[in-house]
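Inspection log for the structure reproduced underneath, given as structure tokens.
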Protein chains: 4
Amino acid sequence: MEGYNFSTDVVVRFAETDAQGIAHHASFVVWLEVARVAYLAEHAGGYLSIQSRGIEALTTEVHVRYHRAARFDDGLRVWTRCVDLRGARFRYEYAIEREGTLVADGFTAHATVDATTHRPIRIPEWFAEAVARAES
Amino acid sequence: MEGYNFSTDVVVRFAETDAQGIAHHASFVVWLEVARVAYLAEHAGGYLSIQSRGIEALTTEVHVRYHRAARFDDGLRVWTRCVDLRGARFRYEYAIEREGTLVADGFTAHATVDATTHRPIRIPEWFAEAVARAES
Amino acid sequence: MEGYNFSTDVVVRFAETDAQGIAHHASFVVWLEVARVAYLAEHAGGYLSIQSRGIEALTTEVHVRYHRAARFDDGLRVWTRCVDLRGARFRYEYAIEREGTLVADGFTAHATVDATTHRPIRIPEWFAEAVARAES
Amino acid sequence: MEGYNFSTDVVVRFAETDAQGIAHHASFVVWLEVARVAYLAEHAGGYLSIQSRGIEALTTEVHVRYHRAARFDDGLRVWTRCVDLRGARFRYEYAIEREGTLVADGFTAHATVDATTHRPIRIPEWFAEAVARAES
């Protein structure tokens, strides 16, 4: 997928389908999170390493566009990139494809906060550098 | 909530929380669906009445902005309106509040399709009229 | 439902259905939790009041028997009773019915632990008394 | 794990945790299903191959015992065996471990029904033979 360096794979679980016979649209939101966790594991020492430094990343916005239905047992590839790091805010962009066909795309926005006070806290330098390396 | 005629209430379930101690952001997407179902029950004979006429409403887009955390057992009011009915497409807009404070807002976009062929099908007149009455 | 003094109602959400066209069997486990929360709110000052005294109730066992399928938008009544309080352990029993027909039944087992140390801690007297009153 | 020939791995998703900071107990029920799907893919041509022959496998019973908490990002191994095939009924047994420590165990019971009439239908010979090979 052009413009993306990282992807992770998910398989649609039966519990993630609904009575329309397709993957429920809220399931995609969970897969985006699975992709973020995989991205952080690959590039920034994992989500737990961020937490261990006293920082929480809150989700402040979710946007998904559904282009095609996904079905039980479909193998999906979630392309993920981290963009727009500024102050205490950053975003991820996503493209979900099944065998080369775009199934959904979207973005999530996040804010870094102090884990104790829940006040906004600047994105740490090491995280910004890890993302810069990942996206270069 | 100004601009909204309809609301439905949800209470945050324990299963909807996550290890950050707050309602998981994907839970909100499910509550928007609960609100649509309640809206249709109130104004258009219920979702099953739409299905019984051979129409499915697919979700083509979801957008949520999270303004404040929701926690276990919080009572939330989901304000809902149906807008922008055109051809085979329409949208819902939402504002979720807790005791007068905005917790989240967003929209979902939908397409009406023939339940058998899955081809786009115009929004039926009776549905458009029901929405017009609800939103007037 | 004979033998039960307390019930709470749930409506099957669309997100809780699966591609078999019925409520997914894991959804029932969530409804049992919703019922426990309602039971505690009615009889013991709510789950948060238990937590506020430094006690967590862990779930140690879940058992559900599915007698009939539940479908989207079904109204279900979850009958709930708290039984077998001994030391740091207690159980809930459940019967889920739809308009007088048994849909599922089951039980959950729980252990009370100190919220900080996670060591087992005896069920507090006030909780045992609240349950005794509720079940008499 | 003694007595088991098959396992599949899952990693605890953040969405599967709850405000106690651990994997929610209903998440385990979903993982058992993920394990069944993997078992069928390995041994019986996949769940879709069963459906394609006009058979549905309903879940009639779920039992889980929780021995230890699972946490976000834990890697869990779900050991799975299919047992007690009789007429239209069979069971799976499970042991979930994390690095050699038992986290949970349990079973699920299932009934085979005709996908159209939903009447009980004998377990097909090819399925019983596939299970016999898998468990020998």
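The values are calculated or read from the model by the stated rules, or taken from the named source; none is laboratory data. This is a predicted model, so every value here is computed, not measured. A quick note on method: Cβ atoms are made from the backbone with ideal geometry, for glycine too, and the neighbour counts reach across all protein chains shown. The accessibility values were calculated without ligands, DNA or RNA, using every heavy atom of the protein model including side chains. Shrake-Rupley method; radii C 1.70, N 1.55, O 1.52, S 1.80 Å.
For residue B:21, inter-copy separations between label points set 7 Å beyond Cα along the Cβ vector come to 1.0, 4.6, 4.6 nm, shortest first.
Simple point charges give the picture: +1 on the Cβ of Lys and Arg, -1 on the Cβ of Asp and Glu, and for the protein assembly as shown a dipole about the Cα centre of about 0 debye. The listed residues D:50, D:121, once ranked by accessible area (1.4 Å probe) with the largest placed first, stand as D:121, D:50. Placing a label point 7 Å from the Cα of residue A:83 along the Cα-to-Cβ direction, the distances to the matching points in the other copies come to 2.5, 5.3, 5.8 nm, shortest first.
Note on residue B:51 and residue D:116: their simple-model spin labels are 2.2 nm apart, each label 7 Å out from Cα toward Cβ. With a simple spin-label model that places each label point 7 Å from the Cα along the Cα-to-Cβ direction, the separation between residue B:83 and residue A:101 comes to 3.3 nm.
Backbone phi angles across segment B:100-117, fed through the Karplus curve with coefficients 6.51, -1.76 and 1.60 (θ = phi - 60°), yield HN-Hα couplings of x, 9, 6, 9, 7, 9, x, 8, 10, 10, 9, 10, 8, 10, 5, 5, 8, 8 Hz in residue order; Gly and Pro are listed as x.
From the alpha carbon centroid of segment D:67-117 to that of segment C:75-136 is 25 Å.
In the assembly of identical copies, residue B:120 has its label point, taken 7 Å from Cα in the direction of the beta carbon, separated from the corresponding points by 3.9, 5.0, 6.3 nm (ascending, one decimal). Helix C:125-135 and the longest principal axis of the C-alpha atoms of chain C enclose an angle of approximately 40°. Note on residue A:133 and residue B:5: with the Förster distance fixed at 60 Å, the Cβ-Cβ geometry gives a FRET efficiency of about 0.70. Proximity of backbone amide H atoms, modeled 1.01 Å from N, is registered between residue B:17 and B:24, D:19 at under 5 Å, excluding neighbours fewer than 5 places apart on the same chain. Only protein heavy atoms count here; on that basis, with a 1.4 Å probe, residue C:18 has an accessible area of about 10 Å². With loop defined by DSSP as not H, G, I, E or B, and exposure as at most 12 other Cβ atoms within 10 Å, which is the longest segment of chain B clear of exposed GluC sites (Glu not before Pro)? Longest run free of exposed loop sites: B:3-98.
Largest GNM mean-square fluctuation across D:117, D:59, D:80, computed for chain D with C-alpha springs under 10 Å, falls on D:117. Among the residues of D:58-69, the average count of other protein chain beta-carbon atoms within 10 Å of the residue beta-carbon is 6. Partner shielding of D:38-47 amounts to 1, given as the average count of beta-carbon atoms from other chains within 10 Å of each residue beta-carbon. Gyration tensor analysis over the Cα atoms of the protein assembly as shown returns equivalent ellipsoid semi-axes of 33, 30, 28 Å (largest first, whole Å).
Across q = 0.17, 0.25, 0.26 Å⁻¹, segment A:25-104 modelled as identical point scatterers on its alpha-carbon atoms has Debye log10 I(q)/I(0) values of -0.74, -1.32, -1.39, in the order of the q list.
Applying the Kirkwood pairwise sum to the alpha-carbon positions of chain B produces a hydrodynamic radius of 15.5 angstrom.
Around the amide H of residue A:121, modelled in the peptide plane, lie the amide H atoms of A:112, A:113, A:114, all under 5 Å away and 5 or more residues distant in sequence or on another chain. Expressed as an acute angle from 0 to 90° and rounded to the nearest 10, what is the orientation of the C-alpha long axis of helix D:25-43 relative to the principal long axis of chain D? Between the helix axis and the principal axis of chain D, the angle is about 50 degrees.
With a 10 Å cut-off around each Cβ of C:26-37, the average count of Cβ atoms from other chains is 5.
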